[in-house]
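One structure below.
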Amino acid sequence: MYLNIQETADYLEVPISEIHRLIRERQVRIIEVDDEILLNRDQFNFFIEQREKYKHELEAYLNTPLPEDPDIKDED
């Protein structure tokens with residue numbers, strides 16, 4: 001399925017400027033039809049999988065409690 005730039009940005013939940021950057025740097029494949037740029041949605045599946053993986057890793061890292069530091073001594 002092909003999406004235009006706005007639909008692609010909505011699908012990936014990124015700003016339109018990010019889609020334009022990907023196109024400018026030729027990191028994504030495009031098709032031009034009647035002066036409209038179309039992008040194949042399937043080429044972003046890996047991007048979405050990696051983003052979800054990163055979110056889970058970050059959440060796990062942020063939820064990990066800090067270990068107690070053995071060098072800290074309470075000298076009250």
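Structure data summary
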{"item": "Test set (1) modelled with pLDDT of 90 or more; (2) in a loop (DSSP other than H, G, I, E, B) - ASP74 fails condition number", "result": "(1)"}
{"item": "One residue from TYR61, TYR54 being modelled with pLDDT of 90 or more, assigned to a helix (DSSP H, G or I), surrounded by fewer than 10 Cβ atoms within 10 Å (Cβ to Cβ) and not hydrophobic (A, V, I, L, M, F, W, C)", "result": "TYR61"}
{"item": "Test result for TYR11, of a type in the set (Phe, Trp, Tyr) and surrounded by 10 or more Cβ atoms within 10 Å (Cβ to Cβ)", "result": "yes"}
{"item": "Filter pass, VAL28 being of a type in the set (Val, Ile, Thr) and either in contact with a helix residue (DSSP H, G or I) (Cβ under 6 Å, 6 or more places away or on another chain) or in a helix (DSSP H, G or I) (or both)", "result": "yes"}
{"item": "Residue check, GLN43 surrounded by 10 or more Cβ atoms within 10 Å (Cβ to Cβ), in a helix (DSSP H, G or I), modelled with pLDDT of 95 or more and out of contact with any Gly (no Cβ under 7 Å at 6 or more places or on another chain)", "result": "no"}
{"item": "Contacts under 9 angstrom Cβ, first residue in segment 45-58 being touching a residue at least 24 places away in the same chain (Cβ under 8 Å), partner surrounded by 10 or more Cβ atoms within 10 Å (Cβ to Cβ) and of a type in the set (Phe, Trp, Tyr), 6 or more apart", "result": "ILE48/TYR11"}
{"item": "Residue match in segment 1-21 (condition: over 14 Å from the mean Cα position of the chain (by Cα), of a type in the set (Phe, Trp, Tyr) and in a strand (DSSP E or B))", "result": "yes"}
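The values are calculated or read from the model by the stated rules, or taken from the named source; none is laboratory data. Everything quoted here is computed from the prediction, not taken from an experiment. Note that each Cβ is placed from the backbone with ideal geometry, even for glycine, and that neighbours are counted across all protein chains shown.
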